[in-house]
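Undergrad: Structure in structure tokens, see below.
The values are calculated or read from the model by the stated rules, or taken from the named source; none is laboratory data. The shown structure was predicted, so the numbers you read here are calculated from the model rather than taken from an experiment. So basically every Cβ, Gly included, is an ideal-geometry build from the backbone, and we count neighbours across all protein chains shown. Quick note on the areas: whole protein, heavy atoms, side chains included, nothing else; ligands and nucleic acids left out. Shrake-Rupley method; radii C 1.70, N 1.55, O 1.52, S 1.80 Å.
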Amino acid sequence: MGTEPFNSFLVNRDNLSMKVIHPGSTIGVFGSGQLGRMFAIEARKMGYRVHTFSPDTDTPTGQVADVETSGDYVDLEKVETFAKSVDVVTFEFENVPSSTIETAGKFCEVHPNGSVLHTTQNRLREKQFLSSNGYPVAPFRHVRSIEELRDAVSELGCPSILKTAGFGYDGKGQSKINSPSDAEEALAGIGDSEAVLEGFIDFEKEVSVVCARSNKGEFAHYGVIENSHLDHILDVSFVPAAVSERCYSEATEIARTLAEQFNYVGTLCIEFFVTSDEDLIINEIAPRPHNSGHLTFGPAITSQFEQQVRATCGLPLGSTEFTSAAVAMANLLGDVWASGEPLWTEALFDQRIKFHLYGKTNPRPKRKMGHITAAGNDVKEVVELVRNARKRLIPTT
Ligand code: AMP
């Protein structure tokens, strides 16, 4: 291996003298799900202490953190106490209110910065930011009433997709409009809230770029990850994605430019649609580690979570190189538990299968409970490995 990390851009080493938060310090995390859990695992491995803050208890993150605080994000006194007790703050969940981040920011550093959170936690703001800066997005209209929705449907045509402006993920708060007569029901379906109508993209595939940027301007990415969804929820991700060199370099360049423009510090994910002409359209930005990046946790020299720890603490980024030519990841949703305890030994007899569970006790349908990964030489083979291992988990009688 060379001296420079794979897929990375390093700035002048003379700049590597900014504030470093040393191992032994405490990292505060807003949010307490699986992303925070894997972040905490990496942080603790590197000797950091982790303090998580969310409204819940016995959470996936709390189970591995040093301290778990249960509090409302808008309880700003509690947020202040939390921020005073840690050395730096990051988040694993972008829907933390801006006032929470602002309050925390008075007492310690917060990475990534509150303004990127503000832009990306609202679809409308995100799309306006992207389109006004010349990034490719689906055609969209702002919708605040049934009249505006009717106008938007006639402008964008059918099918189109109505999405809540705020607080949506995994297809939640979305409704497909197949004909103008669906408008009323669609608006009611998303709770009559402020919304965005998006033109339907007849995409060929979906891909993402997971990347990281440090406070010294280093940038590193994991290449293009190909994603397949089921019922709007990520199902399987794999690398390398079957895309052309042009598509690969455009996607990674968009990620680099965005990270730079946001003055981003941490791990970032850009999700794209790829059209049949291999043109890219940005679907969403996640200002945090991302589900598609779980395939870096183990198979890559530095996982997306370790990159987040490094960036948050002012350390140099690590190598994003994968140690195998191909890697696949399959999500395990609560549905896998529907017929009883999954048959772990059936899935794991193949030694290439690695599994991760998030410590959640209630396997509700569609709830992300864990994932499995496999690494090897051939992408088709590893995708089949994870799909078949997941099938074997489910009792048949
Ligand atoms: P989202 O929660 O916005 O990421 O949407 C979840 C999934 O719905 C995406 O990964 C796509 O599979 C599908 N989807 C969302 N927006 C569109 C669109 N404008 N056109 C076609 N499919 C979409």
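Undergrad: Mind checking the per residue accessible area of the chain for me, 1.4 Å probe, whole number of Å²?
TA: Counting only protein heavy atoms, the per-residue value for the chain is 43 Å².
Undergrad: Suppose R0 equals 22 Å. What FRET efficiency, 1/(1 + (r/R0)^6) with r the Cβ-Cβ distance, do Leu343 and Asp235 give to the nearest 0.05?
TA: 0.65
Undergrad: Now, a different point. Which of these, Leu348, Leu117, Leu332, has the largest mean-square fluctuation under a Gaussian network model of the chain (Cα springs below 10 Å)?
TA: Leu348
Undergrad: Multiply the residue gap between Arg352 and Ser70 by 0.36 nm, knock off their C-alpha separation, and tell me the result in nm, one decimal place.
TA: Working it through step by step, the gained length comes to 97.7 nm.
Undergrad: Could you give the length gained on full extension between Ser244 and Lys106, defined as 0.36 nm per residue of separation minus the Cα-Cα distance, in nm?
TA: 45.1 nm
Undergrad: Also, I was wondering about something else. With runs of 4+ DSSP H residues as the only contributors, calculate the mean residue ellipticity of the chain at 222 nm using -39,500 (n - 2.57) per run, divided by the residue total and rounded to the nearest 500.
TA: Computed ellipticity for the chain at 222 nm equals -8000 deg cm²/dmol.
Undergrad: Then there's this: What spacing in nm lies between the two simple spin-label points modelled at Asn377 and Asn263, each 7 Å away from Cα in the Cβ direction?
TA: 4.9
Undergrad: Output ³J(HN,Hα) for the range 209-215: one whole-Hz value per residue in order, computed from phi by the Karplus curve 6.51 cos²θ - 1.76 cosθ + 1.60 with θ = phi - 60°, and x for Gly and Pro.
TA: 10, 9, 8, 9, 9, 9, 6
Undergrad: Roughly how many percent of the accessible protein surface of the range 341-397 is carbon and sulfur, given a 1.4 Å probe and a whole-percent answer?
TA: About 52 percent, which is the carbon plus sulfur part of the accessible surface.
Undergrad: Among the listed pairs Lys205/Lys391; Lys163/Lys216; Lys176/Lys360, which have their C-alpha atoms separated by more than 25 angstrom in this model?
TA: Lys163/Lys216; Lys176/Lys360
Undergrad: Beyond 28 Å between alpha-carbons counts as too far, so tell me which of Lys78/Lys127; Lys45/Lys354; Lys45/Lys380; Lys84/Lys354 fall in that bin.
TA: In this structure, Lys78/Lys127; Lys45/Lys380; Lys84/Lys354 exceed 28 Å between Cα atoms.
Undergrad: Just to confirm the filter: which chymotrypsin sites (Phe, Trp or Tyr not before Pro) across the range 211-293 are DSSP coil and have at most 10 other Cβ within 10 angstrom of their Cβ?
TA: Within the range 211-293, no chymotrypsin sites (Phe, Trp or Tyr not before Pro) qualify (loop, at most 10 other Cβ atoms within 10 Å).
Undergrad: Can you tally the net charge around Ser70? Count Lys and Arg as +1, Asp and Glu as -1, for every other residue whose Cβ sits under 11 Å from the Cβ of Ser70.
TA: Overall, the nearby charge balance is -4.
Undergrad: Another one. Counting pairs of alpha carbon atoms under 8 Å apart in space and at least six apart in sequence, what relative contact order in percent does the range 126-250 give?
TA: Reported relative contact order: 21 percent.
Undergrad: Per 0.36 nm of contour for each residue apart, how much would the distance between Glu185 and Asn95 grow if the chain were fully extended, relative to their Cα-Cα spacing?
TA: That works out to 29.8 nm of additional length.
Undergrad: Starting at the first residue of the range 182-198, write each ³J(HN,Hα) from the Karplus equation 6.51 cos²θ - 1.76 cosθ + 1.60 with θ = phi - 60°, in whole Hz, x for Gly and Pro.
TA: Here the 3J(HN,Hα) series is 7, 4, 4, 5, 5, 5, 4, x, 9, x, 6, 8, 4, 9, 10, 9, 10 Hz.
Undergrad: As a test of reading the structure, rank Lys391, Lys216 by solvent-accessible area (1.4 Å probe, protein chains only), most first.
TA: Descending accessible area places them as Lys391, Lys216.
Undergrad: Then there is this: Pop the C-beta distance of Glu147 and Asn178 into the FRET formula with R0 = 25 Å and round what comes out to the nearest 0.05.
TA: That pair, Glu147 with Asn178, gives E of 0.80.
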